[in-house]
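Notes follow once the structure below has been shown.
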Amino acid sequence: MVFSSTYFAFLFLPAVLLLCVIAPKQLHNYILLAASIFFYAHGEPFFVYVVIVSAFLNWAAALGMDRAQGKGMRRALLIASLVLDLGILFICKYLDFSISTINGLFHTAIPLQGIRLPIGISFYTFQVISYMIDVYTGRTECQKNFLYLALYIMFFPQLIAGPIVRYHSIAEQIGNRKMTLNGIGIGAKRFIYGFSKKILIANQMALIVQRCMRFGDTAWMPRSILWLGALAYTLQIYFDFSGYSDMAIGLGRMFGFRFEENFDHPYTARSVTDFWRKWHMSLSYWFRDYVYIPLGGNRGSIPFQIRNLFVVWLLTGIWHGANFTFVLWGLGYFVLLCLERYVICPEEKPGVFRLFYRLFTMLAVCLLFVLFNAPDPGSAGRYIAALFGAGGNAGGLADAGFLQILYENAALLAAAVVLSGSLPAKAAKALRKVKVFNRWIFPLLVPVLCTFLFLWSASYLVMGAHNPFIYFNF
C-alpha cells in the first residue's frame with residue numbers, strides 16, 4: 001500500500017482516523033499498531049512476520065541489556081542484535097548482488113536466490129539499530145512494553161520510506177500524546193502538500209525522464225534532451241522523496257506524533273557539505289551519530305579524518321542499493337567532500353567564487369543523480385560523456401524534439417524549479433507578518449488551496465496515473 005493511492009487516501013486513512021477519534025486514548029497505540037501491521041501486510045504478506053519476529057527479538061535483547069549486570073553480557077546482546085538485523089538486511093538486499101559479484105570475479109556459477117526485496121527494509125533496520133545502540137549506551141531507556149516498541153518500528157507513516165526516526169525523539173510521545181482537531185488539521189495540510197508534490201510534480205517529471213533519460217540511446221540523442229532528462233530526474237527525486245517525507249510527517253501529526261524534518265530546500269545549498277545538511281537529513285544524522293563520530297569524526301590527523309569520511313560514504317552508497325552505481329555515487333560524494341574540506345574551502349573564498357560554487361554544487365548533484373539512476377556504471381559514464389559532447393555523441397546540441405518537449409512542459413519545469421527553492425516559504429513567512437494576511441487572507445486561502453490541490457491530485461489517481469515512490473527500493 002502506498003500513500004498516493006485511492007485506497008489509502010479514501011479508505012484506509014479515514015478509517016484509522018475515525019477509529020482513533022472514537023476510541024479511548026489508551027487504545028490509540030494498539031489501533032495504530034494493528035493498522036500498521038495491516039498496512040505493511042497489504043504489500044508484504046510474508047515479510048510482515050519477519051518484521052514482527054525481528055522486533056520481538058530486538059525487544060528481548062534490549063530488555064536483557066537493561067537487566068544485565070556485566071558489560072560483557074550487554075555487549076554480547078548488542079552484537080547479537082546487530083548480527084540479526086544486518087543479517088536480515090544482507091540476505092534480503094545484498095545476497096544476490098554478492099553472488100553476482102563473486103560469479104563475475106571468479107567465473108563461478110553460484111545460483112541466485114531470487115529473494116524479493118522487502119519494501120523499506122533499510123529504513124526500519126536503521127531505526128532498530130539506533131534503538132539498540134541507544135539502549136546500550138544509555139542514551140534512551142529500554143521500552144518494557146513490546147507492543148509500544150513494535151509501534152515505533154512499524155508505525156505506517158514512516159515504515160517504508162522514512163524519515164528515519166530515533167526512538168529517543170518519540171519515546172515520550174508513544175506513551176503520552178494527544179490527538180487534537182488542530183493537530184489533525186495541521187497534519188492534513190502537510191499531508192496534502194506532500195501528496196501534491198508527489199502526484200502533480202514528481203509523477204509528471206517521471207514522464208519527462210522516460211522520454212529524455214534513455215541510457216541505451218545516448219549516442220544518438222541531442223545533448224539538450226540529455227540535459228533535460230538529467231534536470232528532470234533531479235527534480236523528480238526531490239519532489240518524490242520530500243513529498244513522501246511531508247506525507248509521513250503530516251500523518252504522524254494527525255495521530256499526535258511530531259517527527260523531525262527530513263529536507264530543508266537542499267537545492268539552495270551553498271556547498272556539497274551544505275547539501276547534505278539539507279537532503280535526507282535523518283540519514284545524514286544517523287551516519288554522523290552512529291558511524292562517523294564513533295570512528296573518531298574530525299578528531300585526529302587529516303588522513304584519519306579522510307578514512308572516516310570514506311567509511312561513511314561507502315556505507316551510504318551501499319545503503320541505497322545493491323548496485324555498483326550506488327557505491328560509486330557514495331564515493332563520488334566522498335571525493336567531493338574531501339576536496340571541498342581540505343582543498344577548495346569555499347567558505348573562505350570571496351563572494352563571486354561562492355556564487356559559482358553554488359552552481360558547481362548543483363551541477364555535481366545533478367551529474368551524480370545520473371549515476372544514481374543508471375542501470376550500471378558504464379551506462380552512466382556514456383550518458384555523462386554525451387552530456388558534454390564526448391564519447392562519440394552524434395545527436396548534436398538540440399533538435400525539434402527538444403523544443404517540443406520543452407514547450408509541452410515549460411510551465412511544469414518552471415514551477416518545479418521555483419518550488420524546489422526557498423522563495424515560496426520565505427514569501428509566505430513574510431506575508432504572515434502582515435496583519436491582514438495573517439488574520440484574514442491565510443485562514444481563508446489555505447483551506448481552499450489544500451482542497452483544490454487534493455482534488456486535483458486525486459483526479460490523477462482516479463484516472464490511474466500512479467507510480468511508486470523512488471525510495472521504496474531502498
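The figures follow:
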quantity	calculated
Every pair of residues 6+ apart whose Cβ atoms lie under 9 Å, when the first sits in region 421-445 and is free of Cβ contacts under 8 Å to residues at least 24 places away in the same chain while the second is assigned to a loop (DSSP other than H, G, I, E, B)	ILE441/VAL434
Helices (runs of 4 or more DSSP H) lying entirely in region 1-90 (those with 1 or more residues that are of a type in the set (S, T, N, Q))	28-41, 47-67, 71-89
Subset of region 407-443 [over 20 Å from ILE186 (Cα atoms) and of a type in the set (Phe, Trp, Tyr)]	TYR407
Residues located in region 105-142, provided they are under 29 Å from PHE469 (Cβ atoms), in a loop (DSSP other than H, G, I, E, B), touching a residue at least 60 places away in the same chain (Cβ under 8 Å) and of a type outside the set (A, V, I, L, M)	PRO118, GLY120
Test: ALA76 is closer than 19 Å to ASP134 by Cβ and crowded, with 20+ Cβ neighbours inside 10 Å	no
Residue in region 290-299 that is over 17 Å from the mean Cα position of the chain (by Cα) and β-branched (Val, Ile, Thr) present	yes
Number of the exception - ILE102 against (1) without any contact (Cβ under 8 Å) to a residue 12 or more places away in the chain; (2) assigned to a loop (DSSP other than H, G, I, E, B)	(2)
The one condition in (1) farther than 15 Å from PHE215 by Cα; (2) in contact (Cβ under 8 Å) with a residue 40 or more places away in the chain; (3) exposed (fewer than 13 other Cβ atoms within 10 Å of the Cβ) that LEU412 fails to fulfil	(3)
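Read-outs throughout are calculated quantities, based only on the coordinates presented, and are distinct from any laboratory measurement. Quantities reported herein were computed from a predicted structural model and do not represent experimental measurements. In this analysis, Cβ positions are derived from the backbone assuming ideal geometry, glycine residues included, and neighbour counts consider all displayed protein chains.
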